[in-house]
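Notes for the one structure printed next.
The values are calculated or read from the model by the stated rules, or taken from the named source; none is laboratory data. It should be emphasised that the depicted structure is a prediction, and the values quoted were computed from it without experimental measurement. All Cβ positions, glycine included, derive from the backbone under ideal geometry; neighbour counts span all protein chains shown.
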C-alpha cells in the first residue's frame, strides 16, 4: 500500500492522495488488528513528505523515487518493529523496493492514458 501511495503522490498532486493515505491506513490497521490510525499517520507523513520532495529540484528525474521509497519503506518497517513488536524482514523490504519502478511506470501510464485532465476540451463545431 505504501508503494502505491508514494508513487501516486510522486506522479500527481492533490487532496486525493491524502484521502487515499488516510483510508488505506485505517483499512490496514483494521485488517492487521493494530492500533487504529497508526498506519494512517505513517502513510499521511509519507505522502506529505513525498509531495514536498516532488516540488524540489531533487526529484526532477524519475530515478529519484528509488531512494525516497527505500527511506519510507525502511521507516515504516522500523516503526512497526518498535511500536507493534514485529520483526524486521530485509527480504520483504528488497521485494517492495524492486516493485517501485514497475508500479511507477504502470501508474504513470494509467494517469496519462485514462485520467481526464481539466485542460483537455473538445472543440465541437467549426
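Looking at 105, 22, 83, 92, which is the one that is outside any loop (DSSP other than H, G, I, E, B) and modelled with pLDDT of 95 or more? Residue meeting the stated conditions: 22. If you check 8, 54 for being within 18 Å of residue 107 (Cα to Cα), under 14 Å from the mean Cα position of the chain (by Cα), assigned to a helix (DSSP H, G or I) and at pLDDT below 90, only one passes: 54. The lone criterion from (1) touching a helix residue (DSSP H, G or I) at 6+ places or on another chain (Cβ under 7 Å); (2) free of Cβ contacts under 8 Å to residues at least 60 places away in the same chain left unmet by residue 100 is number (2). Only one entry in 35, 63, 71 is out of contact with any helix residue (DSSP H, G or I) (no Cβ under 6 Å at 6 or more places or on another chain) and not in a helix (DSSP H, G or I), namely 35.
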